[in-house]
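Reading through the structure tokens given below for one structure.
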Amino acid sequence: WCERAVALARASGHRERELTTLSTAVTARLLLDPDAGVAEGRDLLALTQAEGRHAISATLLMNLGSGLGELMRLHEAADWLQQAVDFATRHEMDGNLQYASAWLALCELRLGRWTQAGERAAGVLQRTGDHSISRLMALLALGGLRLRRGDPGAQALLDEALRLAGNSATLQRMAPVHALRAEAAWQRGDLAACRAEAMAA
């Protein structure tokens, strides 16, 4: 579908749409073949940056980072997400900055960089509204951190995350929330709730 959309964009001379669709294609390729997706992403990023297409460049950086995070290629993901944070900061793109920061916090949590993850996630929560996807990802990072450290307040964060994820009605958002909630139930010895959370996703 991306290839068809790119052909239409080229035929109509719509460069912005062409590059946006190529960025979507990179994300799809990444999830099918990570190495090929990263290679295509690097090439496209060089092109969008050379043309000064900041919005597309920022999205591409975020998608490379979050996509590799979904695939648990965490060191690579963290590198791309740090680039996304730096780029968004430089170009004053706050929405992109918060999403990339939230995802970077999640990767830091999974890499065992707990102090950095907690500080970064808390910062995103201070700067995002009640209904943003960036807030959801930060809730997962901070909730997961509190859960694994045994700190208070984990359940309240996971309850808020469930409300936000439910509004999206997408597996990409629901699955990680239910996974953490299942982990929380398992920790407190409630195997029935653990099973219910796992099955909900």
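The values are calculated or read from the model by the stated rules, or taken from the named source; none is laboratory data. Given the structure is predicted, the values throughout are model-derived calculations rather than measurements. Note: ideal-geometry Cβ built from the backbone for every residue, glycine included; neighbour counts use all protein chains shown. These accessible areas exclude ligands, DNA and RNA; they are computed on the full protein's heavy atoms, side chains included. Shrake-Rupley method; radii C 1.70, N 1.55, O 1.52, S 1.80 Å.
Of note:
- Space enclosed by the convex hull of the alpha-carbon atoms of the chain, per residue, Å³: 125 Å³
- Charge dipole (debye, nearest 20) of the chain; +1 at Cβ of Lys and Arg, -1 at Cβ of Asp and Glu: 280 debye
- With a 1.4 Å probe rolled over the protein heavy atoms of all chains, the accessible area of His14, His75, His131 falls in the order His131, His75, His14, largest first.
- Alpha-carbon centroid distance for the pair the range 4-28 / the range 157-183, whole angstrom: 32 Å
- For the range 19-80, a crude dipole built from +1 on the beta carbon of Lys and Arg and -1 on the beta carbon of Asp and Glu, taken about the Cα centre, is about 140 debye to the nearest 20.
- Cα-based Kirkwood hydrodynamic radius, the range 1-102, one decimal, Å: 13.6 Å
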